1. Tally up the residues in the stretch 65-118 that are of a type in the set (A, V, I, L, M, F, W, C) and at pLDDT below 95, please.
2. Please go through the stretch 133-191 and give me each residue that is assigned to a loop (DSSP other than H, G, I, E, B), exposed (fewer than 12 other Cβ atoms within 10 Å of the Cβ) and among the polar types (S, T, N, Q), ordered by number.
3. Answer with yes or no whether Leu257 is surrounded by 13 or more Cβ atoms within 10 Å (Cβ to Cβ) and modelled with pLDDT under 95.
4. Quick check: anything in the stretch 216-227 assigned to a helix (DSSP H, G or I) and either at pLDDT 95 or above or over 19 Å from the mean Cα position of the chain (by Cα) (or both)?
5. Kindly check whether there is at least one residue in the stretch 97-105 that is without any contact (Cβ under 8 Å) to a residue 60 or more places away in the chain, part of a helix (DSSP H, G or I) and of a type in the set (S, T, N, Q).
6. Given (1) out of contact with any His (no Cβ under 7 Å at 6 or more places or on another chain); (2) loosely packed, with under 12 Cβ neighbours inside 10 Å; (3) assigned by TED's automatic domain parsing to the domain that holds Phe291, where does Lys229 come up short, assuming only one miss?
7. Only one residue in Ile32, Ile41 is buried (at least 18 other Cβ atoms within 10 Å of the Cβ), assigned to a loop (DSSP other than H, G, I, E, B), modelled with pLDDT under 95 and within 25 Å of the chain's Cα centre (by Cα). Which one?
8. Condition first: modelled with pLDDT of 95 or more, charged (D, E, K, R) and under 23 Å from Tyr116 (Cβ atoms). Can you find one or more residues in the stretch 232-254 that meet it?
Amino acid sequence: MKILFDHQIFTRKKYGGISRYFYELHNNLNKISNLETKISILISNNYYLSFKKNSNYLDFSSVFNFPGKKKFLNFFNKKISINNLIKQDFDIFHPTYYDTYFLEYLKKKPFVLTIYDMIHEKFTPENKIVNQKKILAEKASKIITISETTKRDIIKYLGVDESKIKVIYLGNSIFPKSNIKLSIKLPEKYLLYVGHRDGYKNFDKFVKSISDILIDDKKLFLVCVGGGKFNNKSKQFLSDLDILNKVIHFNVNDDNLFYFYKNAVAFFYPSLYEGFGMPILESFACGCPLFCSNLSCFPEIAGKGAHYFNPNSEISIKSAVLKVLNNTDNFRESLLHHGYDQIKKFTWKNTAEQTKNIYQSIKL
């Protein structure tokens, strides 16, 4: 059986959970007998694909950014995707994002759609992606989603029949490495925040909730990884709280990310909504206590491995921080134990095997 992936997410994003998902899926599916996957791409700007040896694409990930770089990459890679669709040398097509361009070239070939979350439908319903996703969800032979929470939201917002949707959990890609040496100087005592900080990520409320603790504890800092540098508005917000010098930002790749997890007092995930939440598994794998929202998919994925708080309550957030700082009755160590047990349920091998079953269930 031949599976064709397209260029979309590998052109749109250099990093990120979705491109990592398809990279891992591609690798693990190709280890299964009688199954072959191909990514339609000529020039890659993706961090994960840069590790793929013996590939027939050019690695553009280390090339400096220039105006129109994404458009340049998309132009050429989209042509490759279209050419492969026209050739029809595949059994099932699996697009990596929601652009509907491929429908006119698909002919009678089936396609499987992965829906990662319903963030646009919940928070930006006028977004173009909402309409594209709805069209593709209606036409797809099968829909894969990554949590029961997202499945319920798909049914609610898109009206898709439940029998068409299969939940397949993700795996973890970040593990402690002993051969990595960092020149970065980190505070001895810090809480960790990973990823974007806008809107539903709830970063501002989280920071406001813990600002007094950061001020009172001279040794404690908040370290933020990824999500881009703080803009002037964010700096002013932190300055108004009198904690501008207590919140530090770093941009690091996945090779170094484990170091930030491993050395943190705890990882805090105050988001109001996620489709799955890959950082949950990352924190488990790296031995970092997880404190996260009690909403959305968090309890489903984290199980007993997390301490939960109400992300809409400053009191609840502050109480969670104080709990880990006080660490009474070896509370931190208990979370780590449960986290190590929980992560055993999530592997990319399982993801690939279950995805293969979806492909095989489609009548060709």
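1. As a first pass, look at the stretch 65-118 and keep what is of a type in the set (A, V, I, L, M, F, W, C): 66, 72-73, 75-76, 80, 82, 85-86, 90, 92-93, 102-103, 106, 111-113, 115, 118.
Next cut, at pLDDT below 95 only: 66, 72-73, 75-76, 80.
Number of matching residues: 6.
2. Ser178, Asn179, Ser183
3. On the way: surrounded by 13 or more Cβ atoms within 10 Å (Cβ to Cβ): yes; modelled with pLDDT under 95: yes.
Taking the combined requirement at face value, the residue satisfies it.
4. Just the residues of the stretch 216-227 that are assigned to a helix (DSSP H, G or I), to begin with: 216.
Next, from what is left, pick out any that are either at pLDDT 95 or above or over 19 Å from the mean Cα position of the chain (by Cα) (or both): 216.
Yes, some residue in the stretch 216-227 is assigned to a helix (DSSP H, G or I) and either at pLDDT 95 or above or over 19 Å from the mean Cα position of the chain (by Cα) (or both).
5. No; the residues of the stretch 97-105 include none that is without any contact (Cβ under 8 Å) to a residue 60 or more places away in the chain, part of a helix (DSSP H, G or I) and of a type in the set (S, T, N, Q).
6. Of everything listed in (1) out of contact with any His (no Cβ under 7 Å at 6 or more places or on another chain); (2) loosely packed, with under 12 Cβ neighbours inside 10 Å; (3) assigned by TED's automatic domain parsing to the domain that holds Phe291, Lys229 misses just condition (1).
7. Working: Ile32 fails: buried (at least 18 other Cβ atoms within 10 Å of the Cβ).
Step by step, each of Ile32, Ile41 is checked, and only Ile41 is buried (at least 18 other Cβ atoms within 10 Å of the Cβ), assigned to a loop (DSSP other than H, G, I, E, B), modelled with pLDDT under 95 and within 25 Å of the chain's Cα centre (by Cα).
8. Keep residues of the stretch 232-254 that are modelled with pLDDT of 95 or more, which gives 232-249.
Cutting the leftovers down to charged (D, E, K, R) gives us 233, 235, 240, 242, 246.
From what's left, under 23 Å from Tyr116 (Cβ atoms): none.
Taking every residue of the stretch 232-254 in turn, none turns out to be modelled with pLDDT of 95 or more, charged (D, E, K, R) and under 23 Å from Tyr116 (Cβ atoms).
The values are calculated or read from the model by the stated rules, or taken from the named source; none is laboratory data. Just so we're clear, the structure is a prediction, and the values are computed from it rather than from any experiment. We place every Cβ from the backbone using ideal geometry, glycine too, and count neighbours over all the protein chains shown.
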